[in-house]
Amino acid sequence: MTTQVTSVMADTLFKDVAEVLVAKGISAVPVVDRDEQVLGVVSEGDLMRKEEFREQYYGESYQPPLYARMRRRMTGQVENGRRKAAGDTAADLMTTPAVTVTASASTSKAARIMDECGVKRLIVVDAEGRLQGIVSRRDLLRMYLRDDDEIRRRVVEGIPSHARWNDRDGIIVEVHNGIVTLSGHTGKRSEAATAVCTTEGLDGIVDVQKALTWQEDDILELPVIWDRS
């Protein structure tokens, strides 16, 4: 995440919010109170509501596409857009609640939240909801820029090394273009499964290819229960 985050207060004026976005070269800014609690987010789109509604309701030729107008009516965004168009402060303009994530959240969870909420960035907060940073799609993509040697080191270090891993040396870790291949032999199937699960949970890995074998299959398959009702 980016920790040096520009924010505005709820009473920051429209013009001042616009100046912050332009001067900093950013597309959105979190709105916080005096305790750094995140109240919402103001984006370029929120500010542009004023121009959009000016053209739409003051005799100009502009008209949003039909699908956009229908979506806004169905979701209540028309009234919300009117409110933002008439707004003079960040409190009037912001989208609330902000889509947030905690600093301890995994990158996969952050990516999932972005996708589910249709946003390009997440506000990072602490347990009390105070601003800590912002993580963007670009920040998440940087994970995949690690070189293969660095990825291999993280995979090897991530595989549990306690007593039950008698055959850990038998697990061969190879990485090519971010794709990890696990091969070799373990004493138990559960050990192989743990190695795969641990590897798949690491950030910045494109894919995991599984080519492990084991001596003892200690994973019991659950019986299929047929429902005859």
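The values are calculated or read from the model by the stated rules, or taken from the named source; none is laboratory data. What you see is a predicted model; the values in this text were computed from it and never measured. Quick reminder, even Gly has a Cβ in these numbers, built from the backbone with ideal geometry, and neighbours come from all protein chains shown.
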Task: Residue count, the stretch 13-28 (criterion: under 14 Å from D92 (Cα atoms) and assigned to a strand (DSSP E or B)) - done: 1
- [ ] For the stretch 29-38, enumerate the residues that are of a type outside the set (A, V, I, L, M) and either closer than 19 Å to T95 by Cβ or in contact (Cβ under 8 Å) with a residue 40 or more places away in the chain (or both).
- [x] P30, D33, D35, E36, Q37
Open item on the list: Residue pairs, Cβ under 8 Å, 6 or more apart or interchain, first in the stretch 186-198 and closer than 10 Å to G158 by Cβ and assigned by TED's automatic domain parsing to the domain that holds V208, second of a type in the set (S, T, Y) and surrounded by 16 or more Cβ atoms within 10 Å (Cβ to Cβ). List them.
Closed with: A195/T186
Task: Single condition R152 does not satisfy, out of (1) touching an Asp or Glu at 6+ places or on another chain (Cβ under 8 Å); (2) without any contact (Cβ under 8 Å) to a residue 12 or more places away in the chain; (3) among the basic types (K, R) - done: (2)
Open item on the list: With the requirement that a residue be among the hydrophobic types (A, V, I, L, M, F, W, C), closer than 11 Å to D207 by Cβ and touching a helix residue (DSSP H, G or I) at 6+ places or on another chain (Cβ under 7 Å), what does the stretch 174-195 give you?
Closed with: V175, V180
TODO: Using the structure shown, decide if L212 is under 27 Å from S108 (Cα atoms) and modelled with pLDDT under 85.
DONE: no
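Taking the stretch 215-229, which residues are modelled with pLDDT under 85 and in contact with a strand residue (DSSP E or B) (Cβ under 9 Å, 6 or more places away or on another chain)? If you could, list the steps in order and put the result at the bottom.
So in the stretch 215-229, the residues modelled with pLDDT under 85 come out as 218-229.
Answer for the stretch 215-229, where residues must be modelled with pLDDT under 85 and in contact with a strand residue (DSSP E or B) (Cβ under 9 Å, 6 or more places away or on another chain): D218, I219.
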